[in-house]
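**Q** Could you have a look at this structure, given as structure tokens, before my questions?
The values are calculated or read from the model by the stated rules, or taken from the named source; none is laboratory data. If you're wondering where the values come from, they're calculated on a predicted model, not measured in any experiment. No Cβ is skipped: glycine too gets one built from the backbone with ideal geometry, and neighbour counts run over all protein chains shown.
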Amino acid sequence: MAEREELDLVQLFEHSRIAEQQVDEHKLDLALQKGMERGRMKRKSTLLKRRWGIPAGVLAYCLLLIAVWQFWSPITHKDTVLGSQIDIPDYVADMLTLEMKEAVKHGLYQPMNQMVTHGGYKVTIDGVLADNNTMVVFYTSEYLPGNVPIRTKNPNFVDKEGKSLEAGIYLYDPQENPPGSPTNTEHGHYVLEFYDGHTPEQFTFSGKWGIGEQSDDKRVQFDIPVKLDPNIYTSLEKNFEVNQKASISGHEITITEATIRPLSTTIRIQYNHLSNKKIQSYLTPQLYIRGQSGNQTLDSKGASFSTINGEDLITSMYFPSLYYTKWDDLSFLVSGIEESIGKDLKLVIDTETKKLISAPDAMVELLNVIPGKDSTDLQLKVYREEPNEHTTLNLNYEFTDADGTTHSFKGGRSSTFSSNDNFEKATYQLEPGSYPQPLTFDISTYPGKIIKENVRVKLK
């Protein structure tokens, strides 16, 4: 049974009313997340998103590649796929997707070997693969005196001013070590999507590393600076206008343009929403390619939202790269939409009596409220009759008590979901203590109405 655990520290944020604006530094740690349930993940992964120019969040479709660890040392890796000699650890080569391999083949991988050691902990940024809008960071962690690995809590990527990068950040579980290999070393990678922004020339990887579930005061802080050479990828973009219209169950959309880069493809969407209803997600969005080597479809990697006339609307969708692909015909396909059920939705809960007072409908139940020393866990059950299509429940970062006082969640949203069930268990962390009851939580995303309708838009 494929289960998913998500640490969605970013999804709790109240919507910014200014599109493409950055909110305060603290809230950048918790940007709104949408659509992790559509991730076609091969194994467990974690998503962390920074709030930036995506006021309503990002729908993320994550692909986790499982690699086999060998003790790290920079080597000259000869590979018919990569096509040339490249200084790259074996585990990095094993983690590459097909589009990443093409980008490496064309010289976009930048070896770093940025190593920092604190006591018995060692963390190395081995290399970065990047274009103008996507950055893949490969790392190795090692616990020198023992036989157990170290891991980071709440990792962060900051700019030269110390502010969190304005990006969607996908955190993948470290690869599992095969039998007989060192158990104190792990490898992993992060994917940062800058969408309408740009990959920075320099950044610092920041995080507290420790063993297992150690508390923050026992963990070791690491800050590893990294500097990229943007000349390698700055000019690698292909843009073309589309301006094709389509109607989906009464909703009119226009595909305005497309941009193709070595690590991603972006299409731009204009959309005038209906009164009190909007498209909050597209069902199975794909690109259909007819080319010299045959026909193929590419699944969407995600979408970004912008606030337009007070509504958070999908304005861009992202797909795997077509930069090194020869094609004759390109189309955008969807099998339908998820339509919102309304605006300004709320949950009202009495956490003292553990009672759900009101909710938009029966799709959400209160499972439990668990007081603890460090936090109070609010556990919710979210039904999703079509889990691969339904948006899940996300609450805004701030909530109010019965006296109208505003409070903030202490930590992130975690969730577990089984492909055999029709529900998800979501947990939010509140600061410990008592609150005037009941508490009111504004909802940022909520399961909507599924409308099946096949639509094809020719792009080029």
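**Q** Criterion first (assigned to a strand (DSSP E or B) and over 19 Å from Ile255 (Cα atoms)) does Val348 satisfy it?
**A** yes
**Q** Quick check on my filter: what residues within the stretch 141-162 are closer than 26 Å to Ser414 by Cβ and either surrounded by 14 or more Cβ atoms within 10 Å (Cβ to Cβ) or not assigned by TED's automatic domain parsing to the domain that holds Lys218 (or both)?
**A** Residues satisfying the conditions are Ser141, Tyr143, Pro149, Ile150, Arg151, Thr152, Lys153, Asn154, Pro155, Asn156, Phe157, Val158.
**Q** Specify the residue that is surrounded by the most Cβ atoms within 10 Å (Cβ to Cβ); the eligible residues are those in the stretch 351-366 that are polar (S, T, N, Q) and in a loop (DSSP other than H, G, I, E, B).
**A** Thr351
**Q** Does Ser414 count as over 24 Å from Gly342 (Cα atoms) and buried (at least 18 other Cβ atoms within 10 Å of the Cβ)?
**A** Spelling it out, Ser414 is indeed over 24 Å from Gly342 (Cα atoms) and buried (at least 18 other Cβ atoms within 10 Å of the Cβ).
**Q** With the structure loaded, tell me whether Leu313 is over 30 Å from Ile443 (Cα atoms) and in a strand (DSSP E or B) or whether it fails that test.
**A** Here the answer is no, as Leu313 does not meet what is asked.
**Q** Taking the stretch 100-120 only, how many residues are surrounded by 21 or more Cβ atoms within 10 Å (Cβ to Cβ) and either of a type in the set (Asp, Glu) or over 18 Å from Thr234 (Cβ atoms) (or both)?
**A** Qualifying residue count for the region: 1.
**Q** Any residue in the stretch 93-114 that's in contact (Cβ under 8 Å) with a residue 60 or more places away in the chain and more than 21 Å from Val226 (Cα to Cα): show its pairings with residues that are surrounded by fewer than 19 Cβ atoms within 10 Å (Cβ to Cβ) and of a type in the set (Lys, Arg) at Cβ separation under 7 Å, as long as the two are six or more apart or on different chains.
**A** Close Cβ pairs (under 7 Å, with a partner that is surrounded by fewer than 19 Cβ atoms within 10 Å (Cβ to Cβ) and of a type in the set (Lys, Arg)) do not exist here.
**Q** Among strands (runs of 3 or more DSSP E) lying entirely in the stretch 201-269, which contain 2 or more residues that are free of Cβ contacts under 8 Å to residues at least 24 places away in the same chain and surrounded by 15 or more Cβ atoms within 10 Å (Cβ to Cβ)?
**A** 251-261
**Q** Sticking with this one: Residues being within 18 Å of Asn422 (Cβ to Cβ) and assigned to a strand (DSSP E or B): count how many of those fall in the stretch 367-387.
**A** 6
**Q** Also, I was wondering about something else. Kindly indicate whether Leu333 is in contact with a Ser or Thr (Cβ under 9 Å, 6 or more places away or on another chain), buried (at least 19 other Cβ atoms within 10 Å of the Cβ) and assigned to a strand (DSSP E or B).
**A** Against the criterion (in contact with a Ser or Thr (Cβ under 9 Å, 6 or more places away or on another chain), buried (at least 19 other Cβ atoms within 10 Å of the Cβ) and assigned to a strand (DSSP E or B)), Leu333 does not qualify.
**Q** Take Thr406 and tell me if it is surrounded by fewer than 19 Cβ atoms within 10 Å (Cβ to Cβ), out of contact with any strand residue (DSSP E or B) (no Cβ under 8 Å at 6 or more places or on another chain) and at pLDDT 95 or above.
**A** Spelling it out, it is not the case that Thr406 is surrounded by fewer than 19 Cβ atoms within 10 Å (Cβ to Cβ), out of contact with any strand residue (DSSP E or B) (no Cβ under 8 Å at 6 or more places or on another chain) and at pLDDT 95 or above.
**Q** Which count do you get for residues in the stretch 271-292 that are part of a loop (DSSP other than H, G, I, E, B) and touching a strand residue (DSSP E or B) at 6+ places or on another chain (Cβ under 9 Å)?
**A** The qualifying residues number 7.
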